[in-house]
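Below is one structure; the comments refer to it alone.
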Amino acid sequence: MFIKLIIICLLRCLLTLHVFLFYNPSHRLNLKIMGRKRVECLFCGKCVTNIVHHYRVHTNERPYHCKFCHREFKQQNMLDYHSQATHTKERPHKCSVCQKSFSAKCNLLQHLKIHSNVKPHICLFCEKGFVERDALNDHLRRHIGEKWFICAFCPKEYSSQRALRRHTIRSHQDTW
């Protein structure tokens, strides 16, 4: 019954072109009654547990504002992470192997993979292994020759953001 009511209400909102359809408190009430069930997004068809947060992907709504730099975020936890990592400089999560510290536990867990020497992401061209999938993707772009990252100060192009950052620091430090 509740799902049918939500679908009817969503269709009405869409038909009347209300993009921010989850501002209506009745929508939030129905979602709370449904509990942790997955709801299908009417924009992209993805099934999610928190449709209110998910719709911010489509609407680009950013209701959470940093009091220090006024950056805007879609979720409270991302604002909290930003504040801790950027403004407070707290790094409570420390690596037991090399003593490097991190502001977020997820970053520490990612870092610990480096010490394990497990490299599950393997290049199909040269069989080189990588700890992170993103590093493999950067590496594959070198094989393919794609250069997605363009310098803002000169016409040079790079296959990874890391390479562009290194170039910018070395070649254009006086510019910025």
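Here, each number is a calculation from the coordinates, and none is a lab measurement. Keep in mind that what you see is a predicted model, and the values were worked out from it rather than measured. Note that each Cβ is placed from the backbone with ideal geometry, even for glycine, and that neighbours are counted across all protein chains shown.
Here are the numbers for the structure shown:
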read-out: Lysine pairs in segment 38-176 with Cα atoms under 20 Å, if 8 or more residues apart or on separate chains; value: 11
read-out: Span from the segment 134-173 Cα centroid across to the segment 54-89 one, whole angstrom; value: 27 Å
read-out: Under Karplus coefficients 6.51, -1.76 and 1.60, residue-wise ³J(HN,Hα) of segment 123-135 in Hz, glycine/proline x; value: 6, 6, 8, 10, 6, 6, x, 9, 6, 10, 5, 4, 5
read-out: Loop-located trypsin sites (Lys or Arg not before Pro) in segment 37-126, at most 16 other Cβ atoms within 10 Å (DSSP); value: 37, 38, 46, 67, 71, 89, 100
read-out: Contour excess over end-to-end distance, with Cα ends at residue 68 and residue 142 and 0.36 nm allotted per residue; value: 22.8 nm
read-out: Using θ = phi - 60° and Karplus 6.51 cos²θ - 1.76 cosθ + 1.60, couplings along segment 69-77 (whole Hz; Gly, Pro as x); value: 10, 6, 5, 10, 9, 7, 9, 4, 5
read-out: Under 5 Å, built H, 5+ apart or other chain: amide partners of residue 93; value: 102
